[in-house]
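Okay, structure first, notes after.
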Amino acid sequence: MRLYSLVSIAGLCAKLATADRQVFAHYIVGITSGQTRDEWQLDISQAKASGIDGFALNIGAQDSYNDAQLHLAYDVASSNGFSLFLSFDMQASQWSANDIGIYINTYKGFSSQFKINNLPVVSTFEGPSQADIWPGVRAATGGIFFVPDWASLGAPGVGSKLSLIDGAFNWGAWPEANQLTMSTGNDVAYKSVLQGKPYMMGVSPYFYTNLPGKNWYSASDSLWFDRWKQVLDINPEYIEIITWNDYGESSYINAPISHQVVPGADTYVTGFDHTAFRFVLPYFISAYKAGNANVAVPSEGAIAWYRTTPATICNDGGTVWGQGGGASAAGGTQDVVSIIALTNAPTNINVKIGSGDGGQSVSATSTVGKASFYKVPINGRTGAVTITLNGKSTTGPVIANSCPSSGHVNFNAVSIQV
């Protein structure tokens, strides 16, 4: 009888541990000047339909429209049962403790403010050099639940500041320079140094940027599948998808809004849709919250992503393989069509490239639960890409054996859904 009670209590604790798991998407407020209530409603509705619980609102001190946009965001989110928290960008701008406190106090009363232990959650993008301001912020706001991204310190450095934080967010969601796949070593290190404090794990579908001062591609051929599989291994308390709308870094999962794309990024963002990445979110988020992959598939189907030009068709535009890397980005990616399928039973997928291709049936190279990953070499073929699953097909943009108009390889990918 006593054994039964202990088992029952253990099961209850496991349920409680998973019940509060939440998934957020990093949202760049700095590109939203003039954004309307309807546009906020669309973003929030689409995110919620994908299983996302809320947005981490990245704000810079220099943007005069912060208040107008944050009021809209918090108001719309409150009407939709959606959560928000502020993430102060301390890498791109200088924040004072007083200004931070004013923002927190302004928005903490909204019903959409995400709270832990009844305290408003607050995060950052970097800012460890200003770590000493946060005790003052706590005092000025009546308390916060502080989960910063201080990834530049590394896990040991974050652990050395444990007395200042309530948890930590790890921005590292991409393979390192010269690595083709993501590992969980950094996640494990964070979990260890946090000593039981909540860990917010970064998950991202893609990375490519070619802008002044930053020009790199992080290997992303299998990243979206790999990282969600790793989520089930790590079991973090929280997840932050990086990102909802950072077009300049090609990590977006919403439809690009042309006037919000930073100058220079349009050459690799326009026509490169990433919305299909969201199709697999309801399943993966459900599995994460359940603590295992044996959950129902909301809808059978598949997504595919691929680059529309070979990696070595022309010069690489100076793009390096991974942040801080020195090798060409061309070495960090294969000319492949990457696919994730959600099916109730294992199945092959048919992939056709170009009108002269009869198509090929391919089997999965990796599986977790009811999600399977496929990687199909392009092998010099050109033309539109058609994916067929269980009799349903979709056709995506053409793969061309010619250099883009920019004069260099575009390492961004398109995504399609069937």
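The values are calculated or read from the model by the stated rules, or taken from the named source; none is laboratory data. None of these values were measured; they are calculated from a predicted model. Every residue, glycine as well, gets a Cβ built from its backbone with ideal geometry; the counts of neighbours run over all protein chains shown.
Can we say ALA265 is in contact with a Leu (Cβ under 8 Å, 6 or more places away or on another chain), of a type in the set (Gly, Ala, Ser) and within 13 Å of ALA371 (Cβ to Cβ)?
When the stated conditions are applied, ALA265 does not pass them.
Given the conditions (1) crowded, with 17+ Cβ neighbours inside 10 Å; (2) in a helix (DSSP H, G or I), and given that SER286 satisfies all but one, which numbered condition is not satisfied?
Going through (1) crowded, with 17+ Cβ neighbours inside 10 Å; (2) in a helix (DSSP H, G or I) one by one, SER286 breaks only (1).
Scan region 83-115 for residues that are aliphatic (A, V, I, L, M), within 30 Å of GLY213 (Cα to Cα) and surrounded by fewer than 21 Cβ atoms within 10 Å (Cβ to Cβ) and jot them down.
ALA92, ALA97
So, GLN260, is that one under 23 Å from THR308 (Cβ atoms) and either modelled with pLDDT of 95 or more or assigned by TED's automatic domain parsing to the domain that holds ILE340 (or both) or not?
Yes: the conditions hold for GLN260.
Among strands (runs of 3 or more DSSP E) lying entirely in region 297-411, which contain 3 or more residues that are within 27 Å of GLU176 (Cα to Cα) and of a type outside the set (Phe, Trp, Tyr)?
Fully inside region 297-411 and qualifying: 336-342, 366-368, 371-377.
Can you tell me which residues in region 264-281 are assigned to a helix (DSSP H, G or I) and touching a strand residue (DSSP E or B) at 6+ places or on another chain (Cβ under 9 Å)?
Within region 264-281, THR267, TYR268, THR275, ALA276, PHE277, ARG278, PHE279, VAL280, LEU281 qualify.
Return the residues of region 244-262 that are assigned to a helix (DSSP H, G or I) and not polar (S, T, N, Q); say none if nothing qualifies.
TYR247, GLY248, GLU249, HIS259
Under the condition of being free of Cβ contacts under 8 Å to residues at least 60 places away in the same chain and not in a loop (DSSP other than H, G, I, E, B), which residue from region 160-184 is nearest to LEU86 (Cα to Cα)?
My answer is ALA168.
On the given criteria, is SER355 out of contact with any Phe, Trp or Tyr (no Cβ under 9 Å at 6 or more places or on another chain) and surrounded by fewer than 18 Cβ atoms within 10 Å (Cβ to Cβ)?
Considered against the rule, which asks whether it is out of contact with any Phe, Trp or Tyr (no Cβ under 9 Å at 6 or more places or on another chain) and surrounded by fewer than 18 Cβ atoms within 10 Å (Cβ to Cβ), SER355 comes out as yes.
Pull up region 381-418, narrow it to residues that are closer than 30 Å to LYS214 by Cα and of a type in the set (Gly, Ala, Ser), then point me to the one that is surrounded by the fewest Cβ atoms within 10 Å (Cβ to Cβ).
Top of the filtered list is SER405.
Applying the selection to region 69-127, what residues are in a loop (DSSP other than H, G, I, E, B), among the aliphatic types (A, V, I, L, M) and touching a helix residue (DSSP H, G or I) at 6+ places or on another chain (Cβ under 7 Å)?
MET90
Please verify whether region 255-274 includes one or more residues that are under 17 Å from GLY396 (Cα atoms), in contact with a Ser or Thr (Cβ under 8 Å, 6 or more places away or on another chain) and among the acidic types (Asp, Glu).
yes
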